[in-house]
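Taking it in order: structure first as structure tokens, then the write-up.
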Amino acid sequence: MKAIRHGARITTLTILLCAALLLTSCSFFQAFTVESLIRPPKLTGENALIEKAFEAAVNKDVMFISPIAGDYRTAFVQYDVDADGTDDTLVFYAKKESPNEAHMHLLKFDGENWYSAGDITGNGSEVYSVAFYQFDQDASYEVAVCWTVSDSRRSKTLSLYKTSLLDDVQQLKQLSVIPLVDYLILDFDDDGLLELMYLMDNSSDAEQPFKVNLIKMDPSDDAFHFVCELSLHQSVNLPLKISYDIRVLRCTLYVDCVNADGTYMTEIFYYDTEKALFSRMVNAGGAELSELTVRNTQVYCADIDNDRIVEVPVQREWDGATVQYPEAENSLPMSVIEFTKRQDNELLPLNVSYFYAPDAQFRFRTDEFLDEYVASYDATEMMLQMFTRDENASPLFSVQFVPLAAHEAAFNIIITEPEVSLFTEKHIKSLLELIN
Ligand SMILES: [Ca+2]
Ligand SMILES: [Ca+2]
Ligand SMILES: [Ca+2]
């Protein structure tokens with residue numbers, strides 16, 4: 001390390017990623033706390049009439065609840081649910097005397113006045129998300145509300161509602177209530193109708209702790225019917241994110257999971273339209289694609305090249321590169337995350353790879369170094385050094401991250417280059433990314 005610093009040029013770059021990040025997490029936190037939500041600002045015009053109609057129907061002693069995810073993040077959601085050409089309003093709230101019981105209220109507009117058209121007691125204390133779908137292709141939309149209890153990631157309840165005429169009045173009717181971890185609504189079989197895929201906590205069965213179910217609505221009786229299921233690997237402790245892509249009418253699903261041993265993996269399977277089944281993919285060598293994705297780093301699938309095809313992170317060892325952990329006697333082999341694209345039943349590398357610094361908030365793009373160079377990372381100093389592979393292992397550059405004490409999400413980045421370097425400072429900086 002001294003050899004590198006000697007005679008070297010040192011520059012400092014402060015990255016202020018983080019104003020935006022901090023703001024995000026701040027509003028996220030607020031959104032989670034029902035009690036912290038104050039009443040919407042006093043509304044004017046149309047909105048004041050909506051509020052007045054709500055107060056007349058329910059009373060003023062309520063807390064409004066804003067969905068914390070999805071496209072609608074306000075307690076007053078406007079959508080033309082019954083498709084009569086006039087927007088309706090859904091109001092999410094809890095009564096002060098029973099704060100753990102969220103409600104959804106439907107207000108309709110008759111051309112002059114807003115009036116109450118139904119109230120539903122939800123399946124949780126908070127609203128995770130609300131969305132509108134067309135399952136049965138009649139005129140009106142189905143309302144999908146995901147309810148939660150506190151901030152549980154493991155259990156949510158998806159309730160589906162539709163409006164229907166009851167006693168000559170449009171009212172909300174509950175179609176189904178599904179406990180789940182996460183879900184995806186798509187036309188899986190390309191028949192023009194939506195299906196609902198959901199991840200279900202099945203942990204009472206230790207052999208199959210999570211299941212993926214696919215159900216389909218039968219318009220003739222407004223009921224959902226089972227299509228198929230798939231058990232996630234026994235190792236899965238929690239599914240974290242669902243991604244999908246559609247190629248030649250085949251829908252491939254990617255479910256990023258954390259395993260019981262703390263590693264991460266992506267479950268990869270597709271919907272086989274002909275057999276009406278979920279099927280796992282096995283490569284030419286006989287290995288299941290899911291099992292090739294086990295990694296130590298929390299990285300999720302993403303469409304990193306914007307071609308609408310999902311890329312899958314796969315861990316590979318960087319031959320000769322090492323990581324020195326604090327208080328560890330010996331350094332350990334360094335792994336990088338390489339993004340791959342599924343082609344038929346293979347995961348093909350895309351030449352996009354990163355070293356994710358353990359317990360730190362940055363990654364360094366490595367694909368141009370993997371073959372010819374070798375790196376070492378000192379986790380105590382948070383310093384990454386790059387060397388040639390020759391016998392003298394001459395240093396190319398080093399990058400050190402110095403967290404700013406006030407807020408850990410910002411760093412000073414110190415780049416140390418020898419007098420003659422193949423890599424310019426600008427180029428090195430372009431390979432660094434802060435992550436949250
Ligand atoms: Ca309407
Ligand atoms: Ca379909
Ligand atoms: Ca892609």
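The values are calculated or read from the model by the stated rules, or taken from the named source; none is laboratory data. Treat the numbers as computed from the prediction; the structure is a model and nothing was measured. Backbone-built Cβ (ideal geometry, glycine too); neighbour counts: all protein chains shown.
Of note:
- Those residues of the range 147-174 which are of a type in the set (A, V, I, L, M, F, W, C) and surrounded by fewer than 19 Cβ atoms within 10 Å (Cβ to Cβ), in sequence order: Val149, Leu165, Leu166, Val169
- Counting the residues of the range 218-248 that are under 22 Å from Ser159 (Cβ atoms), more than 20 Å from the chain's Cα centre (by Cα) and either within 16 Å of ligand 1 (Cβ to nearest atom) or modelled with pLDDT of 90 or more (or both) gives 5.
- For Arg308, the criteria (1) over 19 Å from Gln343 (Cα atoms); (2) loosely packed, with under 14 Cβ neighbours inside 10 Å; (3) within 16 Å of ligand 3 (Cβ to nearest atom) hold in every case but one, which is (1).
- Screening the candidates Glu267, Glu274, Glu291, Glu229 for the property of being out of contact with any strand residue (DSSP E or B) (no Cβ under 7 Å at 6 or more places or on another chain) and in contact (Cβ under 8 Å) with a residue 12 or more places away in the chain yields one hit, Glu291.
Table: residues versus (1) touching an Asp or Glu at 6+ places or on another chain (Cβ under 7 Å); (2) in contact (Cβ under 8 Å) with a residue 12 or more places away in the chain.
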site: Glu327; (1), (2): no, no
site: Leu332; (1), (2): no, no
site: Gln343; (1), (2): no, no
site: Leu348; (1), (2): no, no
site: Asn351; (1), (2): yes, yes
site: Tyr356; (1), (2): no, yes
site: Phe369; (1), (2): no, yes
site: Glu381; (1), (2): no, yes
site: Met386; (1), (2): no, yes
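- Taking first residues from the range 188-206 that are in contact (Cβ under 8 Å) with a residue 60 or more places away in the chain and partners that are within 16 Å of ligand 3 (Cβ to nearest atom), the Cβ contacts under 6 Å between residues at least 6 apart in sequence or on separate chains come to Phe188/Cys251.
- Residue check for Tyr300: away from ligand 3 (no atom under 14 Å from the Cβ), touching a strand residue (DSSP E or B) at 6+ places or on another chain (Cβ under 7 Å) and either of a type outside the set (Asp, Glu) or modelled with pLDDT under 95 (or both): no
- Failed criterion for Glu46 (all others in (1) modelled with pLDDT of 90 or more; (2) within 16 Å of ligand 1 (Cβ to nearest atom) hold): (1)
- Matching residues, the range 126-183, being of a type in the set (D, E, K, R) and more than 16 Å from Met200 (Cα to Cα): Glu126, Asp136, Asp138, Glu142, Asp151, Lys162, Asp167, Asp168, Lys173
- Test result for Leu107, of a type in the set (A, V, I, L, M, F, W, C), without any contact (Cβ under 8 Å) to a residue 12 or more places away in the chain and either closer than 27 Å to Val62 by Cβ or within 16 Å of ligand 1 (Cβ to nearest atom) (or both): no
- Hey, Ala206 farther than 29 Å from Glu126 by Cβ and either within 16 Å of ligand 2 (Cβ to nearest atom) or out of contact with any His (no Cβ under 7 Å at 6 or more places or on another chain) (or both) or not: yes
Listed here are the residues, each with its yes/no results for (1) buried (at least 20 other Cβ atoms within 10 Å of the Cβ); (2) farther than 14 Å from Ala321 by Cβ; (3) touching a Cys at 6+ places or on another chain (Cβ under 8 Å); (4) modelled with pLDDT under 90.
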residue	(1), (2), (3), (4)
Tyr373	no, no, no, no
Asp378	no, no, no, no
Ser394	no, yes, no, yes
Phe397	yes, yes, no, yes
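- Test result for Val258, away from ligand 2 (no atom under 16 Å from the Cβ), more than 16 Å from Leu347 (Cα to Cα) and surrounded by fewer than 19 Cβ atoms within 10 Å (Cβ to Cβ): yes
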